[in-house]
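Undergrad: The structure follows.
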Amino acid sequence: MAAVVGGGAGVAGARLGAEPQRAAPVALPRSTAGPVTVPGGLSGIAAQVLPSVVSVETGGGNGSGFVIDATGHILTNAHVVDGRTQVSVVFDDGRRASAEVVGSDETNDLAVLAVRDATALTPAVLGRSADVAVGDQVLAIGSPLGLQGTVTSGIVSAVDREVPFGGSGAGLTALQTDASINPGNSGGPLVNARGEVIGVNTAILSRRGGGSIGIGFAIPIDRAADVAERIIRN
């Protein structure tokens, strides 16, 4: 047995010491299909919603918002505008405009802005948060840390999660998502797989000094839309 093993080793050694042969070029197969444009894909949803999303600049920080009608109304969080009467908004195409704070609801942490003489606006399509189910795929869109037009994906982790909102600390229900949400995402839309807004991103749960750990909260759009209508009406 020792001889057999030794003989085998000798053959191997001879082969290793022989003239190296040039390896044939490797050409792994690559797709030639081009960019993924499957209808209903995440890129298609993002492209549909991004024109409706704005970055909100207050001079002391930034947040997000989205256009809710063709007359220039924009929905965001009350804590984003923080008592201001005038802010700046930057649209996805780079246009900048001055916006008036029409009104705020501190309890629900919602505020409505108005861009005067607005043209070529793309209102977001509002869905129904009552139809949302745990496991639904979602996108969160906004300007985390000032990075405008950032898109993250995830699922709905829970519905009717009770969390404190606004300065009052009132316990209201929210949609919970694992889509990455960070400071600056506040006021941006949480959208479903059809590109419909189902919530307003507003808060995260994180460790001290940390960012997103996959626990974010959005105000259900059914409640947010009712509040926005009341603010505009009054």
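What follows draws every value from the coordinates through simple rules; no lab data is involved. From a predicted model like this one, the values you see are computed outputs, not experimental measurements. All Cβ positions, even for glycine, are placed from backbone atoms using ideal geometry, and neighbour counts span all protein chains on display.
Undergrad: In the neighborhood of T85, defined by Cβ-to-Cβ distances under 14 Å, what is the net charge if each Lys or Arg adds +1 and each Asp or Glu adds -1?
TA: Once all neighbours under 14 Å are counted, the net charge is 0.
Undergrad: Here is a follow-up. Using Cα pairs closer than 8 Å and at least 6 residues apart in sequence, work out the relative contact order for region 77-189, in percent. Mind showing how you got there, number by number?
TA: Details: 205 pairs, mean separation 26.1, N = 113.
Value for region 77-189: 23 percent.
Undergrad: Would you calculate the separation in nanometres between label points at R230 and Q137, each defined as 7 Å from the Cα along the Cα-to-beta-carbon direction?
TA: So the label points at R230 and Q137 sit 3.6 nm apart.
Undergrad: Can you tell me the FRET efficiency between R84 and T119 if r is taken as the Cβ-Cβ distance and R0 is 25 Å, rounded to the nearest 0.05? Provide the component values of the computation, followed by the final result.
TA: On the way: r = 24 Å, r/R0 = 0.97.
According to the calculation, E is roughly 0.55.
Undergrad: Here's something else I'd like to know. Would you please name the trypsin sites (Lys or Arg not before Pro) within region 95-190 that are DSSP coil residues with at most 15 other C-beta atoms within 10 Å of their C-beta?
TA: Passing sites in region 95-190 are R95, R116, R128.
Undergrad: If the label point is 7 Å along Cα→Cβ of T71, which residues in region 118-151 have backbone nitrogen under 13 Å from it?
TA: Inside the label zone: 118.
Undergrad: Apply the Karplus curve 6.51 cos²θ - 1.76 cosθ + 1.60, θ = phi - 60°, to the phi angles in region 141-155 and return the couplings in whole Hz, x for Gly and Pro.
TA: Coupling constants for region 141-155: 10, x, 10, x, 6, x, 8, 5, x, 7, 10, 10, 10, x, 10 Hz.
Undergrad: OK, next. Under the 0.36 nm per residue contour assumption, what length would be gained going from the current alpha-carbon distance of E100 and L145 to full extension? Write out the running numbers ahead of the final one.
TA: Working: separation 45, 0.36 × 45 = 16.20 nm, distance 2.29 nm.
That works out to 13.9 nm of additional length.
Undergrad: Compute the length gained on full extension between R207 and D222: take 0.36 nm times their separation in residues and subtract their Cα-Cα distance, giving the result in nm to one decimal. Each step should come with its number before you reach the end.
TA: Details: separation 15, 0.36 × 15 = 5.40 nm, distance 2.99 nm.
Here the segment from R207 to D222 would lengthen by 2.4 nm.
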